[in-house]
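The values are calculated or read from the model by the stated rules, or taken from the named source; none is laboratory data. None of the values given here were measured: they were computed from a predicted structure. In this analysis, Cβ positions are derived from the backbone assuming ideal geometry, glycine residues included, and neighbour counts consider all displayed protein chains.
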Amino acid sequence: MRFRQEKRRCDWAGCHEDGIHRAPRSADALDDYLWFCLEHIRQYNARWDYFKGRSRDELEAYREASMTGHRPTWPMGHGFSGPDWRVDDPVDILRAHPGVRNPFESAARAKNRSTLTPAERRALEKLGLDETASVAEIKKRYKSLVKKYHPDSAGGPGSEDRLKQIIQAYSDLKASGRLSAGAL
């Protein structure tokens, strides 16, 4: 079945041919069309200038946007960085009800959370970590805190006491066997 095309006259002044080729009316009205015959669409296209009447700033903004296909961008390290498997639990429902399983938490982390002793929980708290911290996260946090509070680098009042607390917390976790490979 063939579709019937509406017959249009060429929009060129004085032309009586059929207008079968469409062209945008202006750069600001790209969805509003003029219809031309073959001869006049060629003339119209030869004189078409999308940037006519635009300022230098508008041209520069268009050029920069065209580098990314006119799609939004953001600096590296910002915006979408992949899935975050931690659930925001502002009222501690998951902690208050141990039987409720966090659907985004791995089975190993859930097992770890349920088997921690009070001393291990306190040690993780002193390191500024939650109960689901992995061995790698604990070690990374310990190293960064030792660098931060070491007397040679920090030197402020109380940094030595804080360093002792950090070392003691790490030692407690180590003694409990939590830092052995695969323990968490």
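Return the pairs, sorted by first residue and then second, in which the second residue is at pLDDT below 90 and not aliphatic (A, V, I, L, M), the first residue lies in the stretch 1-27 and is more than 19 Å from ARG47 (Cα to Cα), the beta carbons are less than 7 Å apart, and the residues are 6+ apart or on different chains.
ASP18/LYS7; ASP18/ARG8
So which residues in the stretch 6-38 are farther than 30 Å from TYR62 by Cα and among the polar types (S, T, N, Q), if there are any at all?
None; the set is empty.
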